[in-house]
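The next block holds one structure in the form of structure tokens; read it before the comments.
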Amino acid sequence: MTPTRAEFHVLLALLDGPRHGYGLMQDVEELTAGRLQIGPGTLYTAIKRLRAAGLISETDTDDERRRCYKLTRKGRSVAEEEAHRLNDLVRVARKRGLLPSTS
Amino acid sequence: MTPERIYGVLLHLYSRRFREEYGADMLAAFAELKTRRADTGAAFWAFVLCDTIGAATRERLDAMRWLATAACGLLVTTIAGDAVAWAYRYFYHPYFEGFTLPVLPYGIALGLVLGTSIAIAQRMLFPSAERRARHWMLASAVALPVAVLFCSAAIDRVATGVLPIANAHPAVFEVFALGLAQSRSWSDLATQCVAMAASALVLRALLTRPSMRSRHAH
């Protein structure tokens, strides 16, 4: 499964540990320095797809009012794969002069 | 009307199943978002509306994948049934006059085609965790009766126009409902339906068994 932009950000946010819905929304906003803001609709449709694909799962929490989600092993490997894909793309962009060279 | 109530109304844009699963969490996330945002004016509501409409549309389309699966199964089965009927008429010879295809094996063959095409479409459209779910049943429930009734319809019309010999052959409804099988009654049609359903279900059971094993292994 190739995650969408919002799904990939949810996976990235979960690398730090389990989160509940609003916590994920905040993390995504922080990770992208406010460039990507996801609302409850985008977040929970992403959660539904990620759960169905077995990339995240529900986890126990002290707070009974809200559900927390954690990354599964498969979710971690899909996130790694996507990160490598994006890294390769950035390398190509650099090679073609679209981005400044790091050296 | 409070903002939470307005958002509660907006949640009705999602399917009932999705609402039941995530509605309460979404409402809680919305309440927190509203509390922590300094600006809850027009820009905030524009953001919430865009998010809700976009996500609800995607979710509705996502929930319709079983219909796409049914359409794939239906299309492939119709083409297969039509191809057999068309080939029979194209290569027609008086020698075949007394030749009939029994209803039961014809139904079983179509059921296998239908089951396989639905399974392949499902493999492409659904993640593994959802493949075993009720989507297969929903897809079959739509594709099965329609496939039986419309098998041979599309190519029959083309063949009637292109191939003069087709004009001398059975009326459209007979080819429609019964394809090559030379059955003449509703009980034959029912037999064909039952044979299709049974073979498609057996195939489904065989195809889903390995994934069940892998689930238990985890």
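So if I place +1 on the C-beta of Lys and Arg and -1 on the C-beta of Asp and Glu, and nothing else carries charge, what would the dipole magnitude of region B:22-61 be about its Cα centre? I want it in debye, nearest 20. Don't skip to the end; give the middle numbers.
Working: 5 positive and 5 negative charges, 10 e Å.
Using Cβ point charges on Lys, Arg, Asp and Glu, region B:22-61 gives about 40 debye.
Contact order normalised by length for region A:1-63, with contacts defined as Cα pairs under 8 Å and 6 or more residues apart; what percent is it?
Reported as a whole number, the value is 34 percent.
How many angstrom separate the Cα center of region A:1-45 from the Cα center of region B:1-68?
Region A:1-45 and region B:1-68 have Cα centres spaced 16 Å from each other.
May I ask you to order B:38-48, B:115-125, A:91-101, A:69-79 by the average number of other C-beta atoms within 10 Å around their residues, highest value first?
Highest-to-lowest ranking by the protection proxy: B:115-125, A:69-79, B:38-48, A:91-101.
Rounded to the nearest 20 Debye, what is the dipole magnitude of chain A about its Cα centre when Lys and Arg each give +1 and Asp and Glu each give -1 at the C-beta? Write down the numbers at each step before the final one.
Numbers: 18 positive and 14 negative charges, 109 e Å.
About 520 debye.
Arrange B:CYS50, B:CYS72 by Cβ neighbour counts within 10 Å, fewest through most, would you?
Fewest to most other Cβ atoms nearby, the residues stand as B:CYS50, B:CYS72.
Using only alpha-carbon positions, what ratio does the radius of gyration of chain A give when scaled by 2.2 N^0.38 Å?
My calculation over the Cα atoms of chain A gives 1.19.
Could you give the length gained by full extension between B:LEU61 and B:MET1, i.e. 0.36 nm per residue of separation minus their alpha carbon distance, to one decimal place?
Length gained between B:LEU61 and B:MET1: 18.6 nm.
Tell me, what is the FRET efficiency for A:HIS84 and B:SER187 to the nearest 0.05, using R0 = 45 angstrom and their Cβ-Cβ distance as r?
0.15
At 0.36 nm per residue, and after removing the present C-alpha to C-alpha distance, how many nm does the segment from B:ILE79 to B:LEU201 gain when stretched out fully?
On the way: separation 122, 0.36 × 122 = 43.92 nm, distance 2.06 nm.
Result for the pair: 41.9 nm of gain on full extension.
Which residue, A:LEU36, A:LEU24, A:LEU14, has the most motion in a Gaussian network model of chain A that connects Cα atoms within less than 10 Å?
Per the Cα network of chain A with a 10 Å cutoff, A:LEU36 tops the list.
No lab work stands behind these numbers, since they all come straight from the coordinates. Note that the structure is a prediction, hence the values are computed from the model and not measured. So basically every Cβ, Gly included, is an ideal-geometry build from the backbone, and we count neighbours across all protein chains shown.
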